[in-house]
1. Which members of the range 8-42 meet the condition of being without any contact (Cβ under 8 Å) to a residue 24 or more places away in the chain, more than 17 Å from residue 72 (Cβ to Cβ) and assigned to a helix (DSSP H, G or I)?
2. Restricting attention to the range 180-192, report how many residues are buried (at least 24 other Cβ atoms within 10 Å of the Cβ) and of a type outside the set (Gly, Ala, Ser).
3. Enumerate the pairs (first residue in the range 239-262 and farther than 16 Å from residue 284 by Cα; second residue anywhere and β-branched (Val, Ile, Thr) and in a loop (DSSP other than H, G, I, E, B)) with beta-carbon separation below 8 Å, excluding pairs fewer than 6 apart on the same chain, so at least 6 apart or on different chains.
4. Mind listing whichever residues of the range 167-186 are touching a Leu at 6+ places or on another chain (Cβ under 9 Å) and in a loop (DSSP other than H, G, I, E, B)?
5. So which of 125, 145, 113 is under 22 Å from residue 69 (Cα atoms) and surrounded by fewer than 22 Cβ atoms within 10 Å (Cβ to Cβ)?
6. Give me the pairs: first residue in the range 66-81 and assigned by TED's automatic domain parsing to the domain that holds residue 56, second residue among the hydroxyl-bearing types (Ser, Thr, Tyr) and part of a strand (DSSP E or B), beta-carbon distance under 8 Å, and six or more apart or on different chains, which are they?
7. Are there any pairs with C-beta distances below 8 angstrom linking a residue in the range 276-288 that is in the same structural domain as residue 210 (by TED's automatic domain parsing) and under 17 Å from residue 163 (Cα atoms) to a residue that is assigned to a helix (DSSP H, G or I) and among the β-branched types (Val, Ile, Thr), with the two at least 6 apart or on different chains, and if so which?
8. Within the range 92-110, which residues are of a type outside the set (Val, Ile, Thr) and either surrounded by fewer than 19 Cβ atoms within 10 Å (Cβ to Cβ) or on the phi > 0 side of the Ramachandran plot (or both)?
Amino acid sequence: MSDALGTKHLLGIDDLTADDIDLVFRTADGFKEVLARPIKKVPSLRDITVANLFFENSTRTRISFELAEKRLSADVVNFSSSTSSTKKGETLIDTVNNILSMKVDMVVMRHADPGAGVFLSRHVDACIINAGDGTHEHPTQALLDAYSIREKLGRVEGVKVAIVGDILHSRVALSNVLCLRKLGAQVMLCGPTTLMPHHAKDLGVRIAHDLDEALRWCDVANMLRIQLERQGGDGIANFPSLREYAMLFGLDRRRYEAIGKDIVIMHPGPINRGVEITSDVADSASSIILHQVENGVAVRMAVLFLLAGGMDRQPRP
């Protein structure tokens, strides 16, 4: 079994094979042991400089990547578009090339445009990690979600996973579908018809528009938030009201107990408490939401470490 990823970049889950994903998981296992030590740092990326380019707002993903990089002893440069020359009309390539001229080795990028990471990888000589591109993909979130299922249930193959909510605007949903199916899980997408993309039926998954049906079927429920910021106008364009959405597709204690079995509850965050999930479920013993956050650091450490190991790094003068 190889100890190197078969790709230079991580732009989407399609970049990875099932063996690649298994390697990420095994590497993350080792880094979880590191994170449990009193000194949570290793010198693995001591000679690597990583630029975090976030052209969209982010808290959890940006902090998770930055912590992962620092735990690996990398030099870290943080970039925010709100305080950058992009506000003055500078192009994406100009911005990145200016950063690369400062001898940056890896770029972690979040951008509002789908395919921005692919575009960048074709024009700059650096390792690119996609931290979310519009409504397209969020590969490290899918990896940490699958890793969390593996940790909780001991396997991913054969597990029934329902992804519930705003599928139409979710990059997490697509990456999760691709990752889980590569690992042999069964996947169901559940949500209102107005929040289900037309191509969903082509993804090799089940489709449901009844939350109770999905909950009775699944072993794991991954509850997605409504992405109001992507719906334009007043923020609600695809359903009558948040109250109605919560009644039909929100997971509360009453609905959970009516399932008649234990299922694992997940959420990629941030949580809209009282909309897609209530606090008494999100904070219950069935929830692994905080484990997802913890595992995110270890999985991102693994991705950074493995991609850095595959770079052609020449000594610098």
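1. Within the range 8-42, 19, 20, 22 qualify.
2. Looking only at the range 180-192, we keep the residues that are buried (at least 24 other Cβ atoms within 10 Å of the Cβ), and these are 180, 189-191.
If we keep only those that are of a type outside the set (Gly, Ala, Ser) as well, we get 180, 189-190.
Number of matching residues: 3.
3. Qualifying pairs under 8 Å: 242/226; 242/236; 242/275; 245/226; 245/275; 246/275.
4. Restricting attention to the range 167-186, the residues satisfying the condition of being touching a Leu at 6+ places or on another chain (Cβ under 9 Å) are 167-170, 172-175, 177-179, 181-182, 186.
Of everything in the range 167-186, those that are touching a Leu at 6+ places or on another chain (Cβ under 9 Å) and in a loop (DSSP other than H, G, I, E, B) turn out to be 167, 168, 169, 170.
5. Details: 145 fails: surrounded by fewer than 22 Cβ atoms within 10 Å (Cβ to Cβ); 113 fails: under 22 Å from residue 69 (Cα atoms).
One residue alone meets the criteria, 125.
6. Pairs that qualify, where the first residue is assigned by TED's automatic domain parsing to the domain that holds residue 56 and the partner is among the hydroxyl-bearing types (Ser, Thr, Tyr) and part of a strand (DSSP E or B), are 74/49; 75/49; 76/49; 77/49.
7. If the second residue must be assigned to a helix (DSSP H, G or I) and among the β-branched types (Val, Ile, Thr), the pairs left are 282/289; 287/281.
8. If we filter the range 92-110 for residues that are of a type outside the set (Val, Ile, Thr), which is where we start, we get 92, 94, 97-98, 100-103, 105-106, 109-110.
Residues satisfying the conditions are 94, 97, 98, 100, 101, 102, 103.
The values are calculated or read from the model by the stated rules, or taken from the named source; none is laboratory data. Just so it is clear, the model here is predicted, and its values are computed rather than measured. Every residue, glycine among them, receives a Cβ derived from its backbone with ideal geometry; neighbour counts consider all protein chains shown.
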